[in-house]
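Asker: One structure is given below, represented as structure tokens, and several questions about it will come after.
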Protein chains: 2
Amino acid sequence: VTSFLSQEIGSQPEELARLVDRELDGMRRFVAGLPKHDYIVAAARGSSDHAVTYGRYVWGLLGRRNVVSAAPSLHTLYATPPRFDGALVIGVSQSGQSPDVVAVLEEARRQGRPTLGLTNDPASPLARASDHVVQLCTSPERSVAATKTYTAQLMAVALLAAALSGEEARFTELCLVPEAASKILTGAASACRQAAAALRYASTILPIARGINLCTAEEMALKLRELLRVSTHAFSAADFRHGSIALVTDGLPVALIMPRGAGQDDMRALGREIRARDGALIVISDEEPSPELGATWLPLATSVPEWLSPLSAVLPAQLLGLELVLAKGLDPDRPRGLADKVVRTL
Amino acid sequence: VTSFLSQEIGSQPEELARLVDRELDGMRRFVAGLPKHDYIVAAARGSSDHAVTYGRYVWGLLGRRNVVSAAPSLHTLYATPPRFDGALVIGVSQSGQSPDVVAVLEEARRQGRPTLGLTNDPASPLARASDHVVQLCTSPERSVAATKTYTAQLMAVALLAAALSGEEARFTELCLVPEAASKILTGAASACRQAAAALRYASTILPIARGINLCTAEEMALKLRELLRVSTHAFSAADFRHGSIALVTDGLPVALIMPRGAGQDDMRALGREIRARDGALIVISDEEPSPELGATWLPLATSVPEWLSPLSAVLPAQLLGLELVLAKGLDPDRPRGLADKVVRTL
């Protein structure tokens with residue numbers, strides 16, 4: 001029997017294609033009808049917050065918007081919501097149930113600002129608080145660890161970015177992602193299986209990225225924590241040099257997420273620094289890492305435009321997580337210590 | 001001989017008092033002269049970014065502003081800066097040298113927006129790009145691990161919050177912090193020494209907070225990484241339940257930062273959940289933890305208003321870091337693997 005986790009990872013190309021088909025025109029119309037706004041506020045928890053990290057970069061790059069990652073406790077714990085003048089307000093929640101995310105959107109609506117909800121459930125409280133809803137997945141996610149709903153969130157974020165850019169070419173690029181995802185899943189499978197065998201006893205793996213793939217590092221770290229109880233966290237390459245690089249000693253595994261693009265030179269330089277400290281490198285890229293890095297390569301079999309690369313780079317990270325679970329003889333669908341898929345925070 | 005780290009931790013009450021004396025009136029005038037703005041953008045790296053995390057909450061609570069944590073690579077790597085219409089733009093850098101932080105302020109100025117710089121060096125590039133400068137510390141920080149410049153940054157953030165609130169009472173509260181800090185350093189010393197002896201062989205310690213003290217958890221995690229090469233990261237109590245709680249197994253040390261205030265109930269509930277998973281609790285609070293938690297208490301000997309609590313709660317975290325370094329026989333001023341105090345990222 002195949003696990004739900006494995007099935008759901010494999011279903012992503014199809015889910016993404018359906019999402020684009022279903023939601024592209026609606027997003028275009030929603031953005032065309034938006035009132036003037038100067039910046040974006042986005043509220044989310046858990047892996048949904050990593051989709052917001054993607055938004056920080058891609059809504060900036062394609063839409064020239066600054067992005068606030070909302071502090072929902074201002075609304076709930078402290079009952080002192082900020083002013084939303086000038087803002088477009090977005091909520092991201094797979095279940096659409098998270099009361100604190102919903103509270104941010106309800107407050108925005110009270111203040112007369114436009115709201116957008118990204119959720120699996122068009123009947124959820126989040127959807128009811130949203131002027132426009134992007135439905136992420138139409139079939140339920142059964143595994144506790146989110147995979148297809150995460151990439152669906154990224155695609156929804158990309159749709160908004162394309163619409164904000166006003167450039168038709170961006171939509172064309174985005175429509176090619178599902179097919180690329182399919183090639184990447186196939187192309188990375190055996191490398192991920194081999195890497196998992198080698199990393200089976202690693203006590204941690206530190207994922208690092210720069211710029212637009214910071215979300216991928218965050219998501220990879222969360223999967224490792226959820227699925228494997230590995231204590232890890234993501235780092236930005238820029239921040240890592242501010243102190244945390246001291247962690248790197250003999251053989252510490254570091255995953256560099258570095259598809260072709262503007263961040264690659266800096267990531268290569270960091271790779272050499274980590275190698276000089278005897279760290280062990282794993283590289284996720286569409287370019288083979290230079291031999292001097294002595295890295296394990298998890299290849300991206302085809303390239304997508306840099307602004308869409310988080311949709312491709314996360315796939316080997318998911319596969320590596322799954323393969324590590326299997327190599328350790330654990331249950332992919334029932335991570336130890338996690339019961340509920342839906343977490344409600346106030 | 002006493003280490004610089006120890007001296008600098010001890011000098012904080014005096015540094016904070018001097019900062020308030022020197023900068024209060026200037027901040028008041030700067031804010032009074034600000035043009036209309038709807039939100040704040042803040043750029044920082046490393047521990048300075050934790051001061052921005054404090055700003056997200058306190059500029060929201062006292063100033064009702066949404067706060068963007070800038071993505072400097074939009075300016076440098078991608079050369080595609082966002083529009084700053086409606087923004088007040090703040091840069092935080094101890095040295096004032098970080099080129100990417102400076103780039104954000106220069107772009108804001110180019111777009112005609114007001115800029116504020118928080119830095120130790122009033123002749124630095126950051127200061128030159130700022131309409132108003134808060135000088136953080138007047139005597140140099142010699143230890144690689146930042147302590148007094150971090151609390152000075154928090155105080156500068158608090159000064160801006162008080163000025164944005166327009167309430168004179170906030171300035172009165174803030175002026176009482178240096179004396180409170182002095183009592184807290186004295187009152188926590190022996191508990192921190194004992195805790196360090198017990199935690200000497202811990203392979204990690206996870207700091208968790210909710211709301212306004214999230215910055216304290218982030219700063220504690222960074223000190224543990226820098227000073228001790230402990231692989232750790234901070235969590236928000238709300239996000240921790242989304243998957244990462246699976247990490248907690250027998251005896252895993254978790255530090256709960258929970259001074260009296262709105263977040264305390266939720267932190268207590270999380271403490272019970274962690275206890276039920278056999279985690280070992282360390283509690284930083286001005287209230288003794290309930291016996292059922294079986295926690296090690298790092299006491300805050302006196303209380304400050306909740307909005308200022310990050311200035312008090314970080315002190316036992318710094319002391320614990322120092323005591324762990326001493327217990328392990330390491331050099332507090334030369335953390336292994338860290339050479340440079342000033343890190344330049346592009």
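Coordinate-derived values only; no laboratory data. Computed from a predicted model, the values in this text were never measured in an experiment. Heads up, the Cβs are rebuilt from the backbone with ideal geometry, glycines too, and the neighbour counts pull from every protein chain shown.
Asker: Once the Cα atoms of chain B are picked out, what are the Rg and Dmax in Å?
Answerer: Cα only, chain B: 19.4, 57 Å (Rg, Dmax).
Asker: Which entries of A:Lys36/B:Lys223; B:Lys183/B:Lys223; B:Lys36/B:Lys183; B:Lys36/B:Lys223 show an alpha-carbon separation above 32 angstrom in the structure shown?
Answerer: Numbers: A:Lys36/B:Lys223 43 Å; B:Lys183/B:Lys223 22 Å; B:Lys36/B:Lys183 40 Å; B:Lys36/B:Lys223 38 Å.
Violating the 32 Å Cα-Cα cut-off are A:Lys36/B:Lys223; B:Lys36/B:Lys183; B:Lys36/B:Lys223.
Asker: Kindly give the distances from A:Arg334 to its copy-mates, label point to label point, with each label point 7 Å from Cα along Cα→Cβ, as nm values to one decimal ordered shortest first.
Answerer: Listed shortest first, these distances are 5.4 nm.
Asker: Report, as an integer, the average count of C-beta atoms from other chains found within 10 Å of each Cβ along B:201-210. Don't skip to the answer; put the middle values down first.
Answerer: Working: counts 0, 0, 3, 3, 0, 2, 0, 0, 0, 3.
Mean partner shielding for this stretch: 1.
Asker: I've got another one for you. At a Förster radius of 41 Å, what calculated FRET efficiency corresponds to the Cβ-Cβ distance of B:Arg22 and A:Ala269, to the nearest 0.05?
Answerer: 0.55
Asker: Rg to Rh ratio, segment B:97-161, alpha-carbon atoms and Kirkwood radius?
Answerer: Details: Rg = 12.2 Å, Rh = 12.4 Å.
Rounded to two decimals, Rg over Rh is 0.99.
Asker: Normalised by the empirical 2.2 N^0.38 Å for globular proteins, what value does the Cα Rg of the protein assembly as shown take?
Answerer: Ratio of Cα Rg to 2.2 N^0.38 Å: 0.89.
Asker: Right, here's the next one. What are the ³J(HN,Hα) values, in whole Hz, obtained from phi via the Karplus relation 6.51 cos²θ - 1.76 cosθ + 1.60 with θ = phi - 60°, for each residue of segment A:146-155 in sequence order, with x given for Gly and Pro?
Answerer: Values, residue by residue: 6, 10, 5, 6, 5, 5, 5, 4, 4, 5 Hz.
Asker: Which residue, chosen from B:Phe30, B:Gln12, B:Ser47, occupies the Cα position most advanced towards the positive end of the dipole of segment B:4-56, where the dipole is computed from +1 (Lys, Arg) and -1 (Asp, Glu) charges on Cβ about the Cα centre?
Answerer: Farthest towards the positive end: B:Phe30.
Asker: Please list the non-local residues whose amide H lies under 5 Å from the amide H of A:Leu298, H modeled 1.01 Å from N, same-chain partners needing a gap of 5 or more.
Answerer: Those qualifying (amide H under 5 Å, at least 5 residues apart or on another chain) are A:Val283, A:Ile284, A:Ser285.
Asker: A further question on this structure: If you add up the charges near B:Thr151, with Lys and Arg at +1 and Asp and Glu at -1, over every other residue whose beta carbon is less than 13 angstrom from its beta carbon, what do you get? Mind dumping the intermediate values first?
Answerer: Values: positive: B:Arg18, B:Lys148, B:Lys223; negative: B:Glu8, B:Glu14, B:Glu15, B:Glu141, B:Glu219.
Summing Lys and Arg as +1 and Asp and Glu as -1 gives -2.
Asker: Compute the label-point distances linking A:Gly294 to its equivalents in the other copies; points lie 7 Å from Cα along Cα→Cβ; give nm, one decimal, shortest first.
Answerer: Values, ascending and in nm: 4.3.
Asker: Next question, about the same structure. For segment A:71-79, in order, what is each residue's ³J(HN,Hα) by Karplus, 6.51 cos²θ - 1.76 cosθ + 1.60 with θ = phi - 60°, in whole Hz (x at glycine and Pro)?
Answerer: 9, x, 5, 4, 7, 9, 4, 9, 6
Asker: Next question, about the same structure. When you look at the Cβ of every residue in B:75-86, what mean number of other chain Cβ atoms sits within 10 Å?
Answerer: Details: counts 1, 4, 11, 10, 2, 6, 4, 12, 7, 4, 7, 7.
The shielding value for this peptide is 6.
Asker: Taking Cα pairs under 8 Å and at least six residues apart, what relative contact order does chain A come out at, in percent?
Answerer: 20 percent
Asker: Next question, about the same structure. In nm, one decimal, shortest first: how far is the label point of A:Glu168 (7 Å from Cα along Cα to beta carbon) from the matching points in the other copies?
Answerer: 6.4
Asker: Here is a follow-up. Go ahead and estimate [θ] at 222 nm for the protein assembly as shown from helices alone: -39,500 (n - 2.57) per DSSP H run with n ≥ 4, summed, over the residue count, rounded to 500.
Answerer: -15000 deg cm²/dmol
Asker: Using only Cα atoms, tell me the angle between helix B:309-327 and the longest principal axis of chain B; keep it within 0 to 90° and round to the nearest 10.
Answerer: Once rounded, the angle reads 50 degrees.
Asker: Report the one residue of B:Thr216, B:Gln111, B:Tyr201 whose Cα lies farthest in the direction of the positive end of the charge dipole of segment B:107-264 (charges on C-beta: Lys and Arg +1, Asp and Glu -1; origin at the Cα centre).
Answerer: B:Tyr201
Asker: Would you please report the Å³ per residue occupied by the convex hull of the alpha carbon atoms in segment A:190-243?
Answerer: Hull volume normalised by residue count: 91 Å³.
Asker: Volume per residue, Å³, of the convex hull around the alpha-carbon atoms of segment A:1-146?
Answerer: Per residue, the Cα convex hull of segment A:1-146 comes to 111 Å³.
Asker: A further question on this structure: Would you mind working out the magnitude of the charge dipole of segment B:1-148 relative to its Cα centre, with +1 at each Lys and Arg C-beta and -1 at each Asp and Glu C-beta, to the nearest 20 Debye?
Answerer: Roughly 400 debye, rounded to the nearest 20.
Asker: Right, here's the next one. For segment A:263-308, go through all pairs of different Cα atoms, get the mean of 1/r, take its inverse, and jot down that Kirkwood value in Å.
Answerer: 11.3 Å
Asker: Still on this model: Rounded to the nearest 20 Debye, what is the dipole magnitude of segment A:58-109 about its Cα centre when Lys and Arg each give +1 and Asp and Glu each give -1 at the C-beta?
Answerer: Dipole magnitude for segment A:58-109 comes out near 220 debye.
Asker: If I take every Cα pair under 8 Å that is 6 or more residues apart in segment A:85-161, average their sequence separation and divide by the length, what percent do I get for the relative contact order?
Answerer: Over segment A:85-161, the number comes to 27 percent.
Asker: Let me ask another. Rank A:Gln264, A:Ala127, A:Ala163 by how far each Cα sits towards the positive end of the charge dipole of chain A (+1 on Lys, Arg Cβ; -1 on Asp, Glu Cβ) and give me just the farthest.
Answerer: Sorting the options by dipole projection puts first A:Ala127.
Asker: With charges set only on the Cβ (+1 for Lys and Arg, -1 for Asp and Glu), what does the dipole of the protein assembly as shown come to about its Cα centre, in debye to the nearest 20?
Answerer: Result for the protein assembly as shown is approximately 20 debye, rounded to the nearest 20.
Asker: First check a/c for segment B:65-108, with a ≥ b ≥ c the square roots of the eigenvalues of its C-alpha gyration tensor; if it is under 1.5, answer rounded, and if not, answer prolate when a/b is larger than b/c or oblate otherwise.
Answerer: Verdict is oblate for segment B:65-108.
Asker: Let me ask something additional. Using the Cβ atoms and a cut-off under 13 Å, what net charge is assigned to the surroundings of B:Val20, where Lys and Arg are +1 and Asp and Glu are -1?
Answerer: Numbers: positive: B:Arg18, B:Arg22, B:Arg28, B:Arg170; negative: B:Glu14, B:Glu15, B:Asp21, B:Glu23, B:Asp25, B:Glu173, B:Glu179.
Residues close to B:Val20 contribute a combined charge of -3.
Asker: Also: Could you tell me the distance between the Cα centroids of segment A:107-169 and segment A:1-80, to the nearest Å?
Answerer: 5 Å
Asker: Follow-up question, since we're still on this one. Using the Karplus curve 6.51 cos²θ - 1.76 cosθ + 1.60 with θ = phi - 60°, what ³J(HN,Hα) values do you get for each residue of segment B:87-101, in whole Hz, with x for Gly and Pro?
Answerer: 3J(HN,Hα) across segment B:87-101, in whole Hz: 9, 9, 10, 10, x, 10, 7, 4, 7, x, 9, 4, x, 6, 5.
Asker: Could you please tell me the mean projected area of the C-alpha convex hull for segment A:157-208, averaged over all directions and given in square nanometres to one decimal?
Answerer: Answer in nm², one decimal: 5.4.
Asker: So which residue of A has the beta-carbon closest to the axis that swings A onto B, and how many whole Å away?
Answerer: For the rotation taking chain A to chain B, the closest Cβ gives A:His233, 2.
Asker: How large are Rg and Dmax for segment A:209-301 when calculated on the C-alpha trace, in angstrom?
Answerer: When restricted to Cα atoms, segment A:209-301 yields Rg and Dmax of 12.3, 34 Å.
Asker: On a 0 to 90 degree scale, rounded to 10, what angle separates helix B:264-276 from the longest Cα axis of chain B?
Answerer: 40 degrees
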